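To start, the structure under review is shown below, and the notes come after it.
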Amino acid sequence: MIIKSRRKNKRRPFDPILLLVLLLTIGLTALLIKANYTIPVTSFGLAAEVARFQPRSGVESPVTAVLLNFRGYDTLLEVMILLIAVIGVWSLTKAPFPQKAVKTSPVQLAVVRLLAPLMCLVAAYLVWQGSHLAGGAFQGGAILGGAGVLLLVAELPWLRTIHSRPLRIGLLIGPLFFLGVALLGIINGRELLTYPGKWSGSLLLLIESTCAVSIGLTLASLFAGGRPADDLIGQTKTPACNREQKRC
Amino acid sequence: MTIFNSSAWIVAPIIIPLIGGLLCFLWRRDTFFIALFISLANLLSVTTLLRQFLLFGPLRYRMGGWEAPLGIALRLHGPALLMLLMTAVSGIGITLYARGYFSFRISALKHNNRHEQQERFFWPLWLMLWTALNALFLSGDIFNLYVTLELVSVSAAALAALSGKPASQIAAFRYLLVSLLGSLSYLLGVVFVYKTYGILDLEMLRQIATPGPGLQMALTLMTLGLLLKTALFPLHFWLPPAHANALAPVSAILSGLVVKGSFFILFTLWFEIFASSITANALDLIGLLGAGAVIWGSLQAIRQQRLKLLVTYSTVAQLGYLFIAFPLTATENISQEVWTAVTFMVMAHSFAKTAMFMAAGTIFLQVGHDRIRDLAGIRKSLPITSFAYAIAGVNLIGLPPSGGFIGKWLLLTAALTSGQWHWSLVIIAGSLLASVYVFRVVSRLFLTPDEAIIQECRPHSPLQEWPALFLAIIALLLGLIAPYFSLILETTEIVANLAPGGGL
């Protein structure tokens, strides 16, 4: 079976499956275009509701209020999706760093040195701004991820020796903190994700900051394309023992 | 003061595996015991929910304390509860089997590093997938359903790629793309729902949904996406390579549980939320595709030379039955029976298929191949596994007293009482074909040829064999406890009748 599918992949000038998918996509697009022009918008959504309950959410920005408070459950699951993506990538391969150290040009190094701290600062600002204007964990995390990508592209030597455990803790800190705060509601006898009224503003900011760190690390790890080099060391002991036993 | 609100049990099936998944990724050591503990805790929480459900009827939970149009609601109704129960029981079986499977492969001294790495990443991904499925069954919000669908597809695709073989990686990548296409199509449908009604809560949508161009468009898009994810013929093309090339416990998860998730959403949307807008033509079309799936999938299964591919194609065929049920709901007074039938088919197929993939995986590990031609006499070295395979096969054929029998019987009755006898022909033909592809393997397993070849008997742990038998027997005995399930489903009905426009 495996051999068969491999062969199939080598010579594939025409594949009925691809044609089916193509037709399906074209059909969908046509339908969508038609629908978009013919179906009237009959509702204005929930904007009024959001505005009404805004003061009770603990933040001034309606987007943040929806993301973290009114529909915080969606966001909690979305943060988990990002994490699963990293676990999935780590399960496939090690991060493909080149064998030899590459000499980075001084211009690039200078740019990275200048930009990376600045980007961290911008990320922190965006997270803070999330409480009253546009911004928040995902935006801040994206900038942080960008900073990580910049470092990775410059191929700084210390990146390849990053240990797995601190990286995992960094990846998990946002999801775990979010989950912990969510459970706080249950412990207080209310629903999951109910924030204690007085503290909700600062708790939301904390959630956003930790999640921004995790999201930034997630994006950078996805760019690195694999798990850290020392990720398997903890368990390699057993096979070595087995091999010795076999020799005996 | 700490007051534990008893309605909080409803989030336990989501939170417990989620915590487990995060911990498994963080700790890495003794992850199996974390997973085992989590699966037992999950079963406990689901049984508690069952007790609450029988006492108080369907539950509704406001996430974050916000009322429905603004916040997200979880809801627990009969079908969702049964799905949770099914996932909890299958999940325990899969967790135990996966332990046996990986420890056997690690002890085999071949690429052992690779197998350890596979096991290490299997646990967090599996627990996350479990979270996603439970969240999907409990969700009461049409957009939140999309988020759970994404959670399911990302973790399922990662699991499918875990074996590391090029064939499985290609298949998993295709699976990911198809899944994303399906999710996006569903999301576009949600956009149209929001454009038309301005709310996302399922219960509220059920009350205000009226047939119109917006809803029609939304339903078309959502149905298409979900059919793609459920692999209804002819959109099943991605399923055989993805399921057959994955590791055995992963195949069991994908075939037994994951496809049921998108089917559950589809069924809820068609027959509960938007039931008023469904036309008879659409039902007939879906039924026709289901019939195509039964016949085509069975024929393909009969043709296969490899055990795992055979089991995979039988999934395509068995999924067809679920869709044949669609046109049978057209007659008002029997729709409850069809609901029961479909729930039974889903549960029976889930248990049986999980068991079958486990058995196929054990046979593959033990013999080193899964060419059906050369499997003669495996019963001698793997009696329990062969027995489990045979019992699971009984379920797929639909012999009494299995859950599959009850499901098919209810479908047949519905087809005859509603005067749509042509569907009953397909159901019977499918059963006959199923018996061909089941007995093709079972006869090999149990008949020892005269020139008996002594199989190389490698040591294996009981965890590799017993979970499959356990699940197969549950599937077999489902028929005997059928009245209890009907009771759970009827609890839904009472409440649905009280609510305006109940489509159940």
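The values are calculated or read from the model by the stated rules, or taken from the named source; none is laboratory data. The structure displayed is predicted, hence computed values, not measured ones. Cβ placement follows ideal geometry from the backbone for every residue including glycine, while neighbour counts extend to all protein chains displayed.
Just to be sure, is residue B:64 of a type outside the set (Ser, Thr, Tyr), more than 30 Å from residue B:204 (Cβ to Cβ) and part of a helix (DSSP H, G or I)? Spell out how you get there, then give the answer.
Values: of a type outside the set (Ser, Thr, Tyr): yes; more than 30 Å from residue B:204 (Cβ to Cβ): no; part of a helix (DSSP H, G or I): yes.
For residue B:64, the condition - of a type outside the set (Ser, Thr, Tyr), more than 30 Å from residue B:204 (Cβ to Cβ) and part of a helix (DSSP H, G or I) - is not met.
Within the range B:331-375, work out how many residues are outside any helix (DSSP H, G or I) and among the basic types (Lys, Arg).
Within the range B:331-375, the first condition is being outside any helix (DSSP H, G or I), and the residues that meet it are B:331, B:368-371, B:375.
From what's left, among the basic types (Lys, Arg): B:371.
Residues that pass the stated criteria total 1.
Of all residue pairs spaced 6 or more apart or on separate chains, those with beta-carbon atoms under 7 Å, a first member in the range A:79-102 that is within 7 Å of another protein chain (Cβ to nearest Cβ) and closer than 13 Å to residue B:154 by Cβ and a second member that is assigned to a loop (DSSP other than H, G, I, E, B) and modelled with pLDDT of 90 or more are A:91/B:162. Here B:96, B:82, B:74 are screened, and the one residue that is in contact (Cβ under 8 Å) with a residue 40 or more places away in the chain, in contact with a strand residue (DSSP E or B) (Cβ under 6 Å, 6 or more places away or on another chain) and either not in a helix (DSSP H, G or I) or not β-branched (Val, Ile, Thr) (or both) is B:74.
Checked against (1) over 30 Å from residue B:205 (Cα atoms); (2) more than 14 Å from chain A (Cβ to nearest Cβ); (3) crowded, with 24+ Cβ neighbours inside 10 Å; (4) not charged (D, E, K, R), residue B:86 meets all criteria but (1).
So which residues in the range B:142-152 are more than 13 Å from residue B:186 (Cα to Cα) and either more than 7 Å from every other protein chain (Cβ to nearest Cβ) or of a type in the set (Gly, Ala, Ser) (or both)?
The first filter runs over the range B:142-152 and keeps only residues more than 13 Å from residue B:186 (Cα to Cα), leaving B:151-152.
Across the range B:142-152, the qualifying residue is only B:152.
Determine if the range A:115-125 includes at least one residue that is outside any loop (DSSP other than H, G, I, E, B), more than 9 Å from chain B (Cβ to nearest Cβ), touching a residue at least 60 places away in the same chain (Cβ under 8 Å) and surrounded by 22 or more Cβ atoms within 10 Å (Cβ to Cβ). Scanning the range A:115-125 turns up at least one residue that is outside any loop (DSSP other than H, G, I, E, B), more than 9 Å from chain B (Cβ to nearest Cβ), touching a residue at least 60 places away in the same chain (Cβ under 8 Å) and surrounded by 22 or more Cβ atoms within 10 Å (Cβ to Cβ). Looking at (1) more than 11 Å from the chain's Cα centre (by Cα); (2) buried (at least 24 other Cβ atoms within 10 Å of the Cβ), which is the one condition that is false for residue B:261? Single failed check for residue B:261: (1). Within the range A:180-218, the set of residues being among the small types (Gly, Ala, Ser), within 10 Å of chain B (Cβ to nearest Cβ), outside any loop (DSSP other than H, G, I, E, B) and over 21 Å from the mean Cα position of the chain (by Cα) comprises A:185 only.
Taking the condition of being outside any helix (DSSP H, G or I) and among the aliphatic types (A, V, I, L, M), how many residues in the range B:415-448 meet it? Walk me through how you get there before you give the answer.
Residues of the range B:415-448 that are outside any helix (DSSP H, G or I), as a first pass: B:418-420, B:447-448.
Still in the list and also among the aliphatic types (A, V, I, L, M): B:447.
Of the residues in that region, 1 qualify.
Would you check if there is a residue in the range B:334-351 being more than 21 Å from the chain's Cα centre (by Cα), acidic (Asp, Glu) and either at pLDDT below 95 or surrounded by fewer than 24 Cβ atoms within 10 Å (Cβ to Cβ) (or both)? Within the range B:334-351 (the criterion being more than 21 Å from the chain's Cα centre (by Cα), acidic (Asp, Glu) and either at pLDDT below 95 or surrounded by fewer than 24 Cβ atoms within 10 Å (Cβ to Cβ) (or both)), the answer is no, since none of the residues qualifies. Pick from the range B:114-141 the residues that are facing another protein chain (nearest Cβ under 7 Å) and among the hydrophobic types (A, V, I, L, M, F, W, C): which of them is surrounded by the most Cβ atoms within 10 Å (Cβ to Cβ)? Restricting to residues being facing another protein chain (nearest Cβ under 7 Å) and among the hydrophobic types (A, V, I, L, M, F, W, C), the top hit is B:128. Counted as qualifying within the range A:1-77 are the helices (runs of 4 or more DSSP H) with 3 or more residues that are at pLDDT 80 or above, namely A:16-38, A:47-53. Any residue that is under 22 Å from the mean Cα position of the chain (by Cα), more than 11 Å from chain A (Cβ to nearest Cβ) and not in a helix (DSSP H, G or I) - is there at least one of those in the range B:17-35? No, because not a single residue in the range B:17-35 is under 22 Å from the mean Cα position of the chain (by Cα), more than 11 Å from chain A (Cβ to nearest Cβ) and not in a helix (DSSP H, G or I).
The set of residues in the range A:177-190 being within 21 Å of residue A:216 (Cα to Cα) and free of Cβ contacts under 8 Å to residues at least 24 places away in the same chain consists of A:180 alone. Could you list, in sequence order, all residues of the range A:55-80 that are touching a Ser or Thr at 6+ places or on another chain (Cβ under 9 Å) and surrounded by fewer than 18 Cβ atoms within 10 Å (Cβ to Cβ)? A:56, A:60 - these are the residues of the range A:55-80 that are touching a Ser or Thr at 6+ places or on another chain (Cβ under 9 Å) and surrounded by fewer than 18 Cβ atoms within 10 Å (Cβ to Cβ). Every listed requirement among (1) in contact (Cβ under 8 Å) with a residue 60 or more places away in the chain; (2) within 20 Å of residue A:186 (Cα to Cα); (3) more than 14 Å from chain A (Cβ to nearest Cβ) is met by residue B:41 save one, (1).
Here residue B:67 meets the list (1) under 25 Å from the mean Cα position of the chain (by Cα); (2) under 17 Å from residue A:195 (Cα atoms); (3) more than 7 Å from chain A (Cβ to nearest Cβ) almost entirely, failing just condition (1). Against the conditions (1) more than 30 Å from residue B:99 (Cβ to Cβ); (2) among the aliphatic types (A, V, I, L, M); (3) at pLDDT below 80; (4) surrounded by fewer than 17 Cβ atoms within 10 Å (Cβ to Cβ), residue B:454 satisfies every one except (1).
Does at least one position in the range B:153-163 carry a residue that is more than 7 Å from chain A (Cβ to nearest Cβ) and either part of a loop (DSSP other than H, G, I, E, B) or surrounded by fewer than 24 Cβ atoms within 10 Å (Cβ to Cβ) (or both)? Looking through the range B:153-163, at least one residue is more than 7 Å from chain A (Cβ to nearest Cβ) and either part of a loop (DSSP other than H, G, I, E, B) or surrounded by fewer than 24 Cβ atoms within 10 Å (Cβ to Cβ) (or both).
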